[in-house]
Amino acid sequence: MKFFIDTANLAQIKEANELGILDGVTTNPSLMAKEGIKGNDAVWQHYKDICDIVHAPVSAEVISTDFAGIVEEGKKLATIDPNIVVKVPMIKDGIKAIKWFTDNGIKTNCTLVFSAGQAILAAKAGATYVSPFIGRIDDSSWDGVELISQISHIYRLQQFKTEILAASIRNALHIVRCAEVGADVCTCPLDSILGLLKHPLTDIGLAKFLEDANSMK
Ligand code: E4P
């Protein structure tokens with residue numbers, strides 16, 4: 001399973017990249033706004049800055065909702081860097097645009113996916129990635145990981161090539177469970193990635209090893 005970081009914060013992207021286990025980045029308009037970025041030029045420069053840090057797929061989301069607008073915006077985003085993946089919402093014109101991007105060699109991430117039916121449509125349109133939002137599903141009393149499992153089963157059975165990118169990750173356990181049920185990619189906040197490191201027995205064991213090592217000096 002690949003690890004993407006789900007943030008537009010450059011310091012966090014650098015920190016995750018320096019771990020050596022980062023395979024890409026996802027952003028969305030809310031994450032970009034959180035960084036205080038204003039205006040098209042600044043947004044574009046920020047995507048460029050991210051691409052300069054991580055030489056791997058970087059999802060940049062369109063804000064148009066009509067076919068012509070999505071295609072025009074996506075084409076421009078794709079010129080920023082060869083690693084840009086155009087992130088398109090799961091709407092009717094979004095599906096049409098994903099098919100257009102697929103036919104024109106531009107990679108896509110179909111976002112705001114909350115059902116297996118939506119994931120089937122994204123795959124039929126040739127999306128590079130499909131992003132089911134598991135944390136938001138959990139928030140509404142459904143099981144987000146169960147959706148990843150269902151999509152994984154369908155994609156394997158139907159031999160769809162679209163990669164399942166588990167999004168809206170809230171904790172380290174989400175990452176482990178997504179790996180168990182066959183997600184191809186997990187896009188996570190830095191805290192959830194670092195949460196995988198934590199185990200009290202590791203800390204206790206290391207403290208004892210260091211204590212014994214010191215006693216031999
Ligand atoms: C990533 O592609 C999604 O936009 C993101 O994971 C959504 O996460 P949230 O539900 O925590 O906002």
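Taken along its three principal axes, the alpha carbon spread of segment 107-154 comes to 31, 19, 12 Å, from the longest extent down to the shortest. When +1 charges are put on Lys and Arg Cβ atoms and -1 charges on Asp and Glu Cβ atoms, the dipole computed for the chain relative to its Cα centre reaches about 440 debye. Once the Cα-Cα distance is subtracted from the 0.36 nm per residue extended length, the Glu146 to Ala179 segment shows a gain of 10.7 nm. Please compute the Cα-Cα pair-distance distribution of segment 143-216 with 5 Å bins starting at 0, giving whole percents from short to long. Distribution as computed: 3, 15, 20, 15, 12, 10, 7, 6, 6, 4, 2, 1, 0 percent.
Backbone amide hydrogens, once placed in the peptide plane, bring Lys87 within less than 5 Å of Ala60, Glu61, Val62, Asn109, excluding anything fewer than 5 places away on its chain.
Per-residue ellipticity at 222 nm computed for the chain from its helices equals -15500 deg cm²/dmol, with DSSP H segments shorter than 4 residues left out and the rest contributing -39,500 (n - 2.57). Give me log10 I(q)/I(0) at q = 0.15, 0.21 Å⁻¹ for segment 77-217, Debye formula, one equal scatterer per alpha-carbon, no solvent. These q points yield log10 I(q)/I(0) values of -0.75, -1.22. For segment 55-94, the spherically averaged projection of the C-alpha convex hull amounts to 2.5 nm². Phi angles across segment 162-167 convert, under the Karplus curve 6.51 cos²θ - 1.76 cosθ + 1.60 with θ = phi - 60°, into 3J(HN,Hα) values of 4, 8, 7, 10, 5, 10 Hz, Gly and Pro given as x. Across the options Ile148, Ile164, Ile175, the greatest Cα extent toward the positive end of the charge dipole of segment 129-179 (unit charges at beta carbon of Lys, Arg, Asp, Glu) belongs to Ile164. As a length-normalised measure over Cα pairs under 8 Å and 6 or more apart, the relative contact order of segment 164-207 settles at 43 percent. From the largest down, segment 10-165 spans 40, 36, 27 angstrom on the principal axes of its Cα atoms. Note on segment 19-80: Kirkwood hydrodynamic radius from all Cα pairs is 12.5 Å, rounded to one decimal. When you filter the trypsin sites (Lys or Arg not before Pro) in segment 1-79 for DSSP loop state and at most 12 other Cβ atoms inside 10 Å of their Cβ, you are left with Lys38. The coefficient of translational diffusion for segment 1-44, derived via Stokes-Einstein from the alpha carbon Kirkwood radius under 25 °C and 0.890 mPa s, stands at 220 µm²/s. For segment 71-131, the alpha-carbon coordinates run over 32, 16, 15 Å along the three principal axes, in decreasing order. Would you mind pulling out the separation of the Cα centroids of segment 104-178 and segment 1-21, in Å? With segment 104-178 and segment 1-21 each reduced to a Cα centre, they are spaced 20 Å.
Only the coordinates and a few stated rules stand behind these numbers; no lab work does. Quick caveat, the model's predicted, so the values are computed rather than measured. Reconstructed Cβ throughout: ideal geometry from the backbone, glycine too, with neighbour counts over all protein chains shown.
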